[in-house]
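**Student:** Sharing a structure, written as structure tokens. Questions coming.
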Amino acid sequence: MYKATLVGRRIDEGRDLLRELLKRKFPVADAFWWHDPETIRWRLYIVSRVVEKHGPLKAYGDIQRALRSLRPQDLSLNNISVIGPRETDLEEIRRAAVYRTLPLEGEPARDATVEDVVEYVWKGDGKVRRNG
């Protein structure tokens, strides 16, 4: 089966977006890249209670404002999905996927080709730390 490569620059831009969202006090419960076998594309999933409290349009608006300030080359709303922490899609992805953990700080990301999910890890206090 063909699987698209998740390039390091896109992973790094996702990491930058998460840092920016944390700076803006946007609540992020989890964030990960998932390779969707149906579309053969990687998507950045951002899990936030904003989706449950205010709806996805509010979450996408907040993310779009953060993206505008960062001006990433590869990352846009076209490859980002927002979901609430209790959505069934999240549990289905977790059950079906193979993981690789990626710290929010540290060395630049390497391309990912084998895993279904590349997950960012951080502490919930808004401070980004290296995992481990």
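Values quoted throughout were computed directly from the atomic coordinates according to the rules given, and no laboratory measurement underlies them. A quick note: this is a predicted structure, and the numbers were derived from the prediction, not measured. Here Cβ is always computed from backbone atoms with ideal geometry, including for glycine, and neighbour counts include all displayed protein chains.
**Student:** For a quick check of your reading of the model, give me the residue pairs whose first member lies in region 8-36 and is touching a residue at least 60 places away in the same chain (Cβ under 8 Å) and more than 13 Å from Ile80 (Cα to Cα), whose second is outside any helix (DSSP H, G or I) and among the basic types (Lys, Arg), with beta-carbon atoms closer than 6 Å and at least 6 apart or on different chains.
**Tutor:** Once the first residue is touching a residue at least 60 places away in the same chain (Cβ under 8 Å) and more than 13 Å from Ile80 (Cα to Cα) and sits in region 8-36, its partners that are outside any helix (DSSP H, G or I) and among the basic types (Lys, Arg) give Gly8/Arg110.
**Student:** Keeping to region 40-63, report how many residues are part of a helix (DSSP H, G or I), surrounded by fewer than 13 Cβ atoms within 10 Å (Cβ to Cβ) and either under 15 Å from the mean Cα position of the chain (by Cα) or of a type in the set (A, V, I, L, M) (or both).
**Tutor:** 1
**Student:** Related question: Restricting the search to region 31-82, which residues are within 15 Å of Val7 (Cβ to Cβ) and acidic (Asp, Glu)?
**Tutor:** Once the filter is applied, which keeps residues that are within 15 Å of Val7 (Cβ to Cβ) and acidic (Asp, Glu), region 31-82 yields only Asp74.
**Student:** Something else now. Failed condition for Ala31, given (1) more than 18 Å from Glu92 (Cβ to Cβ); (2) of a type in the set (Gly, Ala, Ser); (3) not in a helix (DSSP H, G or I), with all others met?
**Tutor:** Every listed condition holds for Ala31 apart from (1).
**Student:** Also, quick follow-up: So, of the residues in region 11-39 that are out of contact with any helix residue (DSSP H, G or I) (no Cβ under 6 Å at 6 or more places or on another chain) and among the aromatic types (Phe, Trp, Tyr), which turns out to be surrounded by the fewest Cβ atoms within 10 Å (Cβ to Cβ)?
**Tutor:** Trp33
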